[in-house]
Amino acid sequence: MLGYNYLDPVLKPNSQPFGFIFVLKRSNDFKGTKNISMNRYLLLSLLISLASFGQSFAQDQLTALEIVKKADDKRRGGTNYSEMSIAIVRPSWTREMDVKAWSKGTSFSLILITDPARDKGTTFLKRDKEIWNWVPSIDRNIKLPPSMMMQSWMGSDFTNDDLIKESSIIEDYTHKLLGDSVIEGRDCYKIELIPKPEAPVVWGKIYNWIDKKDFMELKTELYDEDGYLVNRVLFSEIEELDGRLLPSKMEYIPVDKEGHKTMIKYSNVDYDIDIGEGYFSLQNMKRVR
């Protein structure tokens, strides 16, 4: 009389992406319930291991562009609202601002300064490739001309051009995976971005370090057209922001200016808010609070 039939897992090589398949072999050799339980345990362990391997394998097969896009989509969302503090640090002084910001995709954003008092109510509007500035003290809307794009934004280490060109990291560059690295104890992809021949960008080359597990940008280096490092951007203080694990602090550091940097600290972020393109209007620049 045959004993209890159980399934005995066997791994055999094949041509599938993972290199192996399971063959479930039926055994007529009854060796007791202990062996049955052990085989089931081994089968479960193997399935879990292969599932983890499969996820890791799939991530390792991502292209450089897909990695950059996943990190960018995670940080932006379809729409978002954020509250942050900005500290402009110089060797002998530090100036701080409190800011609220709204954005929709990569084409629309609205920035409102809420503190200090002298700048309160100042707004910046981005619509596609244009930037408008509402200045309450002179009751005027000003469209920033191309000649002002490389000027400092509010005395910080950012330029007005940074606000416009932020979205071009996907469209205006080619992306190349250079290898692996470790930033703050996290395994990262190192990716090189080279501008396309006709792209309207100011950087000659960008390096991005993106966390492999959670697709967080942790470090960026910006080089000029002659290959010299100009700015280094560091991301830290990882927190859960509206259900997304992201760095809550960014430091923008010009490497040739000792003691200079601009820091952004996010205190609140809400993703996928209900907001239409009409919110990003010249009229709303004066009303937003």
Peptides ranked, highest mean first, by Cβ atoms within 10 Å: ranges 102-114, 221-233: 102-114, 221-233
Rounded to whole angstrom, the alpha-carbon centroid of the range 210-252 lies from that of the range 124-183 at a distance of 17
Report Rg(Cα)/(2.2 N^0.38 Å) for the range 64-287, keeping two decimals. 1.01
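When the dipole is taken about the Cα centre of the range 117-159, and only Lys, Arg (+1) and Asp, Glu (-1) are charged at their Cβ, what size is it in debye, to the nearest 20?
It comes to approximately 100 debye.
Plugging the Kirkwood radius over Cα pairs into Stokes-Einstein for the range 161-276, at a temperature of 25 °C and a viscosity of 0.890 mPa s, what D comes out in µm²/s? Walk me through the numbers before you get to the answer.
Details: Rh = 15.5 Å.
The diffusion coefficient I find is 158 µm²/s.
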Applying the Karplus parametrisation 6.51 cos²θ - 1.76 cosθ + 1.60 with θ = phi - 60° to the phi angles of the range 108-120, what ³J(HN,Hα) value in whole Hz is obtained for each residue in order, glycine and proline being reported as x? 10, 8, 9, 10, 10, 8, 9, 7, x, 4, 5, 9, 4
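FYI, it's all coordinate maths here, none of it is from the lab. Fair warning: this is a prediction, and the values are worked out from it, not measured in the lab. Glycine gets a Cβ as well: all are built from the backbone with ideal geometry, and neighbour counts include every protein chain shown.
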